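Below is one structure, written out as structure tokens, with a few remarks after it.
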Amino acid sequence: MAKSPTTAVPSQTPPSTDARSAPQSQSLFRGVYRFLASLKLAVFSLSSLSALLAYATFFESWYGTEAARAYVYRSPIFFIVNMLLFANIFCAATIRYPWKKHQIGFIVTHIGLLTLIVGSFISQKFTDDGQVGLSEGETSRQLIRTQQPVIRVRVPEKSDSGQTVALQEYELDIKPGVFPWKPGRTEQVTRPKDPFGFEVIGFLPEAQPRFAHESTADGLPMIDAHLLINAPNQIEAQDILSDSVGRWLKADARFGRVAQNAGPATMAFQYIPKDDSELAEKVADFLNPPKLTTPDGTARLHYLDKSGKKRTFDWVVDGALRKEVLPESDLTVEFLPSKEGENVLKMPTRLGENGAPGSNDILFNATGEAEIGIVRFKISKGTGPGFDHYGWPDLVQAPSLVPGDTSKGATQLARVAYLRPRPPGSFGYVEVLGTGDDKLYYRVFGREGFRKAAELKKGDTIEAFSGGGGMAGKLRVDDFLPSGSEKLTYVSANLPVGQKGNGLPAIHCKMTSQGTTKEFWVRRSPDLKPLYQPVRIDSEVYEVAYDVDRKDLDFEIKLVNFEAGVDPGTEQASSFESQVELTDSKEKVLSKPITISMNNPLIWRGYTFYQSNYIPATDENGRRTGDFISVFQVRHDRVWGITYMGCLIIVTGIFLQFYMRSGPFKSRASSPETASNTTQGASKLPRVETTL
């Protein structure tokens with residue numbers, strides 16, 4: 001039987017894994033490379049960058065420059081978008097290699113773009129920004145890095161004998177951010193080896209002061225008062241006691257009274273403690289004051305008659321009656337005028353020079369007047385000696401006997417309560433009396449004299465006074481503390497849009513020393529100088545300042561003169577100019593005069609000083625002095641040349657493209673050579689042509 005021929009099948013060896021993976025990896029690399037050089041990625045990265053920059057513009061107007069810098073310009077998304085743009089520019093240029101002569105402008109332009117991106121990142125990493133603030137005549141060699149907050153704590157050092165000899169300063173780094181902290185967030189800024197513990201438990205980027213009030217055993221009497229004034233044609237009443245820190249009035253510990261002048265009216269608060277033996281009499285005097293029939297007022301004398309019964313006698317201060325025996329008593333009263341022959345003794349209440357505020361204006365704070373009149377009587381009992389008794393205007397706690405006379409054996413024979421007419425021109429004079437048994441009373445005086453008096457309940461609004469033309473005033477006391485204390489706190493300033501970032505930040509701190517912890521607030525200084533706040537913990541007094549990092553410069557500048565121009569008819573500054581003197585021993589420069597203005601910066605040793613702003617100078621009490629602090633924005637960019645070089649290269653590349661008619665400037669006219677090249681290119685893989 002014949003057999004069919006057998007066909008031999010040649011053996012086939014399967015390709016190795018390495019041989020297959022090499023083309024695949026090369027294909028993947030080419031695909032990624034083409035994508036990075038593609039026009040699609042260019043459109044995406046440029047669109048994303050434009051969107052981020054537009055968002056940053058609005059974000060900066062909403063929350064300030066520092067917020068935009070932290071949350072946009074230094075965010076990971078912004079970095080990724082710039083890296084994609086960098087990769088796209090680089091690959092779009094290198095995919096055309098080997099380059100032809102007409103592509104020189106295209107390549108130069110892309111090199112400039114890459115240089116610009118690299119320069120911006122290096123500049124962001126190594127540039128030093130800050131401010132310098134100087135008042136006239138002041139010299140500085142410090143750069144204030146406002147973007148790097150620190151906490152400075154001065155700890156008193158003690159010698160072996162236990163005496164304090166110096167202060168050792170600790171600088172604590174903190175990164176609070178640019179937004180208010182949420183409740184519960186804390187940051188420990190000290191290390192275990194530090195001699196104290198310091199913890200930040202709150203942060204406000206724009207803070208304004210407020211006082212928290214609470215009852216304490218050793219405090220001062222105080223009320224939360226509101227005096228609401230309705231002016232003619234005014235829709236809503238205005239609280240004339242409202243200010244930057246609250247409406248609380250605190251009675252002085254010595255005189256038990258405080259007065260505050262507020263526009264058309266005056267508000268006063270006085271206090272009588274519960275253990276005062278004459279509490280009831282003083283309340284009765286307050287509610288039923290003597291009649292005022294003369295310019296010098298009336299003195300009410302409280303005394304005991306022969307039977308020991310309490311009596312009063314109203315002495316009209318008119319100078320006519322000089323000596324009299326009080327009814328049903330053996331007390332003889334003689335009125336004593338001043339040395340100048342006047343009915344009252346004139347006494348200035350301010351302790352400063354020429355009537356200026358002094359360091360201890362207790363009497364002025366109690367009366368609200370720069371000068372007061374005091375009445376004087378000589379009172380004797382029977383044939384006994386006479387003693388001088390004084391009547392202090394409206395001061396229920398003031399003694400009728402001078403302490404010096406008491407120490408010499410003088411005896412109080414009567415208590416003098418003196419009421420004088422209110423200051424001329426006063427539309428309304430409102431007084432509130434608080435007592436140690438937690439009761440409140442009020443009385444009102446107008447231009448015509450005494451109007452009314454009654455008991456006052458907390459939270460009730462009463463009609464205090466009214467006048468012609470629709471002027472009216474209302475009184476309300478929301479709280480009364482017979483013994484209270486106030487604690488400085490801060491709340492958010494809630495600045496309007498466009499002003500965010502211009503406020504002063506504050507931190508809420510918790511400091512621990514020798515097992516004792518104390519909480520307090522501290523705010524950044526408004527004049528760029530460290531403002532230390534004393535903090536007492538047990539027997540130690542520390543000094544704490546919320547400040548910024550400060551860098552010493554190798555040269556110094558002195559502000560000789562500062563001038564600010566304003567727009568006509570307004571107080572809006574339109575131009576700033578500072579005359580300074582530059583001193584640099586290394587460069588052998590001594591007091592070189594230089595003018596820095598808004599368009600004329602000072603450039604020295606890599607530092608550029610721009611005239612940016614000015615701050616009104618204040619004294620130790622926060623009052624403006626009339627002088628100004630010139631503020632310079634300082635920038636030290638070590639690699640500024642890279643950025644400028646990138647811009648120059650870009651301009652050069654664009655010029656070359658236009659000159660060589662390449663890229664977007666290439667002629668679109670058809671030619672046989674162009675058609676031939678196009679036909680030949682159709683058989684090849686398409687290449688990406690991207691010009692950025």
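Restricting attention to the stretch 402-420, which residues are surrounded by fewer than 21 Cβ atoms within 10 Å (Cβ to Cβ) and either among the hydrophobic types (A, V, I, L, M, F, W, C) or not assigned by TED's automatic domain parsing to the domain that holds residue 345 (or both)?
Once the filter is applied, which keeps residues that are surrounded by fewer than 21 Cβ atoms within 10 Å (Cβ to Cβ) and either among the hydrophobic types (A, V, I, L, M, F, W, C) or not assigned by TED's automatic domain parsing to the domain that holds residue 345 (or both), the stretch 402-420 yields 402, 410.
Mind listing just one residue for me: the one in the stretch 245-274 that is surrounded by fewer than 22 Cβ atoms within 10 Å (Cβ to Cβ) and among the aromatic types (Phe, Trp, Tyr) and, of those, nearest to residue 229 (Cα to Cα)?
Per the stated criteria, the residue is 248.
Residue under question is residue 631, and the condition is that it be at pLDDT 85 or above, closer than 30 Å to residue 579 by Cα and not acidic (Asp, Glu); does it hold?
It is true that residue 631 is at pLDDT 85 or above, closer than 30 Å to residue 579 by Cα and not acidic (Asp, Glu).
Could you tell me which of the residues 400, 380 is assigned to a loop (DSSP other than H, G, I, E, B), modelled with pLDDT of 85 or more and closer than 19 Å to residue 337 by Cα?
Going through 400, 380 in turn, the sole match is 400.
Tally up the residues in the stretch 634-675 that are basic (Lys, Arg) and at pLDDT 85 or above, please.
1
Hey, among the residues in the stretch 185-232 that are in a loop (DSSP other than H, G, I, E, B) and among the hydrophobic types (A, V, I, L, M, F, W, C), which one's nearest to residue 523 (Cα to Cα)?
In this case the residue turns out to be 189.
Given (1) crowded, with 17+ Cβ neighbours inside 10 Å; (2) in contact (Cβ under 8 Å) with a residue 60 or more places away in the chain; (3) not in a strand (DSSP E or B), identify the lone condition not met by residue 177.
It is condition (1) that residue 177 fails.
For residues in the stretch 509-519 being under 18 Å from residue 173 (Cα atoms) and surrounded by fewer than 17 Cβ atoms within 10 Å (Cβ to Cβ), which is farthest from the chain's Cα centre (by Cα)?
Here the residue is 512.
With the checklist (1) more than 30 Å from residue 576 (Cα to Cα); (2) not assigned by TED's automatic domain parsing to the domain that holds residue 45 in hand, flag the one item residue 102 doesn't pass.
(2)
In this structure, does residue 556 turn out to be assigned by TED's automatic domain parsing to the domain that holds residue 631 and among the charged types (D, E, K, R)?
yes
For residue 485, only one of the following conditions fails: (1) closer than 30 Å to residue 206 by Cβ; (2) touching a Phe, Trp or Tyr at 6+ places or on another chain (Cβ under 9 Å); (3) surrounded by fewer than 18 Cβ atoms within 10 Å (Cβ to Cβ). What is its number?
Here residue 485 clears every test but (2).
Could you grab me the full set of residues in the stretch 167-184 that are more than 20 Å from residue 524 (Cβ to Cβ) and hydrophobic (A, V, I, L, M, F, W, C)?
167
Hey, can you tell me all the residues within the stretch 405-428 that are at pLDDT below 90 and of a type in the set (Phe, Trp, Tyr)?
427
Here is a check on your reading of the model: is residue 315 under 25 Å from residue 213 (Cβ atoms) and either touching a Phe, Trp or Tyr at 6+ places or on another chain (Cβ under 7 Å) or aromatic (Phe, Trp, Tyr) (or both)?
Against the criterion (under 25 Å from residue 213 (Cβ atoms) and either touching a Phe, Trp or Tyr at 6+ places or on another chain (Cβ under 7 Å) or aromatic (Phe, Trp, Tyr) (or both)), residue 315 does not qualify.
If residue 54 passes every condition in (1) loosely packed, with under 13 Cβ neighbours inside 10 Å; (2) over 31 Å from the mean Cα position of the chain (by Cα) but one, which one does it miss?
It is condition (2) that residue 54 fails.
Could you please find all residues in the stretch 499-542 being more than 17 Å from residue 200 (Cβ to Cβ) and either outside the structural domain of residue 180 (by TED's automatic domain parsing) or charged (D, E, K, R) (or both)?
If the condition is that a residue be more than 17 Å from residue 200 (Cβ to Cβ) and either outside the structural domain of residue 180 (by TED's automatic domain parsing) or charged (D, E, K, R) (or both), then 500, 527, 529, 536, 538, 540 are the ones that fit.
Can you pull out every residue in the stretch 614-643 that is surrounded by fewer than 16 Cβ atoms within 10 Å (Cβ to Cβ), assigned to a strand (DSSP E or B) and not aliphatic (A, V, I, L, M)?
616, 618, 624, 625, 626, 627
How about the stretch 63-87: which of its residues are loosely packed, with under 14 Cβ neighbours inside 10 Å and farther than 19 Å from residue 176 by Cβ?
76, 77, 79, 80, 83
The values are calculated or read from the model by the stated rules, or taken from the named source; none is laboratory data. All values reported here derive from a predicted model rather than from experimental measurement. Neighbour counts run over all protein chains shown; Cβ positions are idealised from the backbone, glycine included.
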